[in-house]
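One structure is given below, encoded as structure tokens.
Please treat every number below as a calculation from the coordinates, not as lab data. This is a predicted model, so every value here is computed, not measured. FYI the Cβ positions are ideal-geometry reconstructions off the backbone, even for glycines, and counts take in every protein chain you see.
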Amino acid sequence: MTRHNTHKHRAAGVLAGVVALALGGCAATSAPSSSVTLAEKAPLLPSSLFAGESQRFDAWQCEPAHQNLVTAGSADTLRLWSMHGAWQLPRAIVASGERFQQGDISFWNKGQEARVETPRGQLQCELAEQRQAFTRADYPDVMFMGRGNEPGWMIKLSSQTPEMTLVSNYGRETRTLPYMVSVMDNDAGRVVIENAQADDFFRVSIEASACFDNMSGEPFPARVTLTIDSEQYAGCGQGIAPIRQ
């Protein structure tokens, strides 16, 4: 497992000015909860960690400055992730393609190409990668799954109880650990869980953000940072919603 892994597709610079500042007006700004809480049931996670009604995540490589975005679209809404956060854009009426717009921010999808418009400029994007969203059929009783590489690791948060299953060392080691919620910021899409016991200390930080597997390039809606055994590891993750009846 490589310490402080750097994702292969990383956005910076211009996206902060072009997308993050412009899209920032779409997000609420209420204060996050930061007190540690212990519960018998699993917590509800921010909606920005999930695919919504979509069954697929799309990765977009955008210019200028090599910006990278992740989207998950449904009939009425497009979920958009950059390296600086997540937003939801409702569908707009257009003559061709699919356009989603919230205020001055729009995402115009024309198959393999897309255009992002903001008050500060445009991004011209090309479809780079696609990934089917994880489902409860894939991971029963799991509400969030995160993973990283070199060496391979995976975390699975139970949908029933505040417990985390950690699979590490390329699948050779498995531990199930209880956790407490220390940060829950629904507006920012940020969650921190931890176990403060000295013998089994760990902390997991989950943030809604465009994330790309550093080996396959597959897109995810969340960055995951795992701290355990005095080491820190970086990866990607996705919330997994219950199956609709």
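Taking label positions 7 Å along the Cα-Cβ direction at both Asp104 and Asp187, the computed distance is 2.1 nm, reported to one decimal. For region 77-173, place one equal point scatterer on every Cα, skip the solvent, and apply the Debye formula. What is log10 of I(q)/I(0) at q = 0.22 Å⁻¹? Relative scattering, expressed as log10 I(q)/I(0), comes to -1.10. The protection proxy used here, the mean number of other Cβ atoms lying within 10 Å of each residue, ranks peptides 67-76, 44-53, 219-228, 85-94 as follows, highest first: 219-228, 67-76, 44-53, 85-94.
Distant-in-sequence amide contacts of Val142, defined by a placed amide H-H separation under 5 Å and a gap of 5 or more residues or a different chain, comprise Ser159.
Descending by average beta-carbon neighbour count within 10 Å, the peptides 150-156, 130-136, 169-175 line up as 150-156, 130-136, 169-175, the highest first. Taking a sphere under 15 Å around the Cβ of Phe201 and counting the other residues whose Cβ falls inside, with K and R at +1 and D and E at -1, yields a net charge of -3. For region 114-221, the calculated P(r) over all alpha carbon pairs, in 5 Å bins from 0 to the bin holding the longest distance, is 2, 9, 16, 20, 21, 13, 8, 6, 4, 2, 0 percent. With a cut-off of 20 Å on the backbone N, the residues of region 203-223 near the modelled label site 7 Å out from Ala65 along Cα-Cβ are 209-212. Simple spin-label estimate for Thr161 and Asp199 gives 1.7 nm between the two label positions (7 Å along the Cα-to-Cβ direction from each Cα). With R₀ set to 45 Å, the beta-carbon distance separating Asp141 from Met215 gives a calculated FRET efficiency near 0.95. The gain in end-to-end length when the Gln232 to Arg120 segment is fully stretched comes to 36.7 nm, 0.36 nm per residue minus the alpha carbon separation.
Can you give the FRET efficiency for Val94 and Glu40, using 1/(1 + (r/R0)^6), R0 = 41 Å, r = Cβ-Cβ distance, to the nearest 0.05? For Val94 and Glu40, the calculated efficiency is 0.25. Computed from backbone phi with θ = phi - 60° and the Karplus coefficients 6.51, -1.76 and 1.60, the 3J(HN,Hα) list for region 46-61 is x, 5, 5, 8, 10, 7, x, 7, 7, 10, 8, 10, 10, 9, 10, 9 Hz; x is used for glycine and proline.
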